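To start, the structure itself, in C-alpha cells.
We did not get these values from a lab; they are worked out from the coordinates using the rules stated. All values derive from a computational prediction rather than experimental measurement.
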Amino acid sequence: MSKNKDSIKNVFTVAFLLCLVCSVIVSGAAVALKDRQDANQVHNQRTNILLAAGLIEPREATFDRVNELFNEIHIRVVDLRTGEFAEDINAEEFEQLRAASDPERSQRLEEDPAGIRRLENYGLVYLVGDIDNPDRIIIPVRGAGLWSTLHGFLALESDANTIAGLGFHDHAETPGLGGEVDNPNWLRQWPGKKVYEEGTKNPRLGLARNPDPDHEVDTLAGATLTARGVTNLLQFWTGERGYGAFLTKYREGV
C-alpha cells in the first residue's frame with residue numbers, strides 16, 4: 001500500500017525545506033549585495049548633504065559627480081558641549097544617531113522642544129573648503145513633526161548665520177500637508193534667511209503666517225504641528241544645546 005503523499009508530516013517537511021531554501025537564497029543575496037547596499041547608503045547621504053547645501057541639482061547626482069564634489073568637504077566631529085573639534089574621534093566611523101541612543105554618550109533632555117528625547121554629546125559637521133574658513137557649514141538636524149521624526153541637513157554660509165540651504169531626507173509627514181517640507185518650491189524660500197538676531201546668540205529662524213523677511217519663511221498650510229516641529233528643531237540645533245557654541249566660533253572669528 002503506497003504512503004499518503006498529502007500526510008501532515010509530508011506537508012510540514014516540504015514547507016520546512018522550502019523555507020530553508022528561500023532563507024539561504026535571501027541570506028546569500030544579502031551578503032553578496034552588502035557592499036553595493038553600503039555604497040548606495042553612503043551615496044544617498046552624500047547626495048542629501050550636497051542638495052541641502054545647494055551644491056548639486058538632483059539630475060546631476062551621479063556616483064562620480066557626488067564623489068567629486070564630496071572631496072571638497074571635510075567631515076569633523078564636534079563636542080556639542082564646548083563647540084570644539086573632537087580630535088580623538090574618527091568622523092568616518094562615528095554614528096551620531098547611535099550615540100544619541102547610548103546613555104554613556106548622550107544625555108536625557110528635561111526640556112525637549114525638538115522632541116528628540118536624548119541629546120548626543122558629539123555631533124558631525126561638514127565643512128566645504130578650508131576648515132578654518134569654510135565656504136559653507138553643514139549640520140545635521142532632526143526633530144519631531146506630527147507623525148514622524150524629520151531628519152535633514154541645514155547649510156550655512158561662511159558667516160555661520162546666513163542660510164545657504166535646507167533639506168529633509170527622511171520623514172513620514174502627511175503628503176500635501178506636512179510632507180511639503182521636501183517640496184523644492186518651499187525649500188527655495190530658505191536661502192538668504194538669517195539664523196540669529198543681530199547681536200545675540202538666540203536663533204530666530206522659523207516658520208510663520210506673516211514671516212519676518214529676515215528670519216522666517218511662510219508656514220505650511222494645514223500642517224500646524226509639522227510647521228511648529230520644523231521651527232523647534234531648527235532653533236534647537238542652532239541653539240546653545242545643539243551646534244550653537246560651535247557656530248559662534250565662526251561667527252565671532254574665534
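In summary, the aspartates and glutamates within cross-link reach of LYS193, defined as a Cα separation below 17 angstrom excluding same-chain residues under 8 places away, comprise ASP135, GLU157, ASP159, ASP212, ASP214, GLU216, ASP218. When Rg and the Kirkwood radius Rh are both evaluated on Cα atoms of the chain, their ratio Rg/Rh stands at 1.13.
Dividing the summed -39500 (n - 2.57) terms of all DSSP H runs of n ≥ 4 by the residue count of the chain sets its mean residue ellipticity at 222 nm at -10000 deg cm²/dmol. Close amide-amide hydrogen proximity is noted between GLY145 and LEU150, each under 5 Å apart and 5 or more residues distant or on a separate chain (H modeled in the peptide plane; Pro and chain starts excluded). Largest GNM mean-square fluctuation across LEU20, LEU127, LEU154, computed for the chain with C-alpha springs under 10 Å, falls on LEU20.
Quick check on the stretch 60-197: what are the equivalent-ellipsoid semi-axes from the Cα gyration tensor, as sqrt(5λ), descending, whole Å?
Details: eigenvalues 105, 101, 48 Å².
Working through the eigenvalues yields semi-axes of 23, 22, 16 Å.
For the stretch 89-167, the Cα-based Rg and Dmax, in that order, read 14.0, 39 Å. Given in Å, the Rg to one decimal and the Dmax to the nearest whole number for the Cα atoms of the stretch 198-254 are 12.8, 43.
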